[in-house]
1. Could you tell me the largest-minus-smallest coordinate of the C-alpha atoms of the stretch 105-201 on each of the three principal axes, in descending order and whole angstroms?
2. Any idea what the alpha-carbon Rg over 2.2 N^0.38 Å comes to for the stretch 121-165?
3. For the stretch 37-76, which chymotrypsin sites (Phe, Trp or Tyr not before Pro) pass both filters: DSSP loop (anything but H, G, I, E, B) and at most 14 other C-beta atoms within 10 Å?
4. Per residue of the stretch 130-135, what does 6.51 cos²θ - 1.76 cosθ + 1.60 with θ = phi - 60° give for ³J(HN,Hα)? Whole Hz please, x for Gly and Pro, Karplus curve as stated.
5. Give the Debye-formula value of log10 I(q)/I(0) at each listed q (0.20 Å⁻¹), with one equal scatterer per alpha carbon of the stretch 28-101, two decimals each.
6. From the helices alone, meaning DSSP H stretches of at least four residues, give me the mean residue ellipticity at 222 nm for the chain, per-run term -39500 (n - 2.57), in deg cm²/dmol to the nearest 500.
7. Using a Gaussian network model of the chain with C-alpha springs under 10 Å, which one of Ile27, Ile190, Ile40 is most mobile by mean-square fluctuation?
8. Would you kindly derive the ³J(HN,Hα) couplings of the stretch 69-77 from the backbone phi angles with the Karplus curve 6.51 cos²θ - 1.76 cosθ + 1.60 (θ = phi - 60°), listing them in order in whole Hz, with x for Gly and Pro?
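Here, each number is a calculation from the coordinates, and none is a lab measurement. Model, not experiment: these values are computed from the prediction. All Cβ positions, glycine included, derive from the backbone under ideal geometry; neighbour counts span all protein chains shown.
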Amino acid sequence: MLPIGDDNSTRRTIPVVTYLLIFLNVIIFLFELAAGDEFIYRWSFTPSYFLTNPGFEWITIFTSMFLHGSWMHLLGNMLYLWIFGDNVEDRMGHGRFLVFYLLCGVAATMAQLFATSYADLNIPNLGASGAIAGVLASYLVLFPRQRVRVVLVAWVIPLPALLVIGGWFLLQVLYQMNYTSDGVAYMAHIGGFIAGLLLTFVFRKKNSPPRLPYSGTYQQ
């Protein structure tokens with residue numbers, strides 16, 4: 001079930017932070033390709049390095065959010081940010097959304113750190129999905145009945161955000177419970193999502209503009 005768009009008829013601002021985050025992630029990934037593995041290992045979050053020297057390695061909590069392991073990793077994350085980030089940014093405001101995004105990323109990294117086994121302490125962690133999981137959670141809180149257009153097998157159908165995002169989160173929990181060893185940091189997704197749920201009530205605007213009637217169109 002792959003989301004490809006949502007209803008933006010209620011959005012009233014240009015999501016400049018969302019666009020900036022996508023731009024930075026793409027540019028940094030292109031730089032990764034040119035710089036090679038040494039650059040990736042230096043700026044990824046490696047649990048053993050952080051636990052040994054947190055005063056020096058803390059910066060990797062943030063830099064690792066902008067690194068990706070492959071084109072598919074990057075494009076998948078940016079697709080979700082593109083679809084869901086603009087509406088959340090609209091309801092929070094640009095500055096609040098940026099702080100919210102980064103805090104969700106920090107929470108995701110810390111959740112994955114606490115769930116990391118001793119044998120995996122030297123494995124670098126990288127990717128924006130923990131922060132984006134927080135964006136998904138916020139979208140779920142703010143727009144639970146918003147229609148999201150998804151590809152389901154051979155069809156494109158609109159489904160409520162509650163079903164699309166709720167189903168995604170349930171899968172993360174199930175994979176984490178089954179200790180799936182596929183290179184995906186499921187606990188980071190869970191931690192970022194829970195942080196997003198809680199932080200939404202802090203960062204959303206108190207007086208949000210009234211929503212327009214559903215127009216029946218999907219823009220993305």
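1. In descending order, the Cα extents are 43, 35, 20 Å.
2. Values: Rg = 14.3 Å, N = 45, 2.2 N^0.38 = 9.3 Å.
Normalised by 2.2 N^0.38 Å, the Cα Rg of the stretch 121-165 equals 1.53.
3. Values: sites: Phe39, Tyr41, Trp43, Phe45, Tyr49, Phe50, Phe56, Trp58, Phe62, Phe66, Trp71; in loops: Trp58.
Loop-located and lightly packed - Trp58.
4. Computed from phi, the couplings for the stretch 130-135 are x, 5, 5, 4, x, 5 Hz.
5. Relative scattering, expressed as log10 I(q)/I(0), comes to -0.96.
6. Working: 10 runs with 134 residues, N = 220.
After summing the helix terms and dividing by residue count, I get -19500 deg cm²/dmol.
7. Ile27
8. My calculation for the stretch 69-77 gives x, 6, 4, 5, 4, 5, 5, x, 5 Hz in order.
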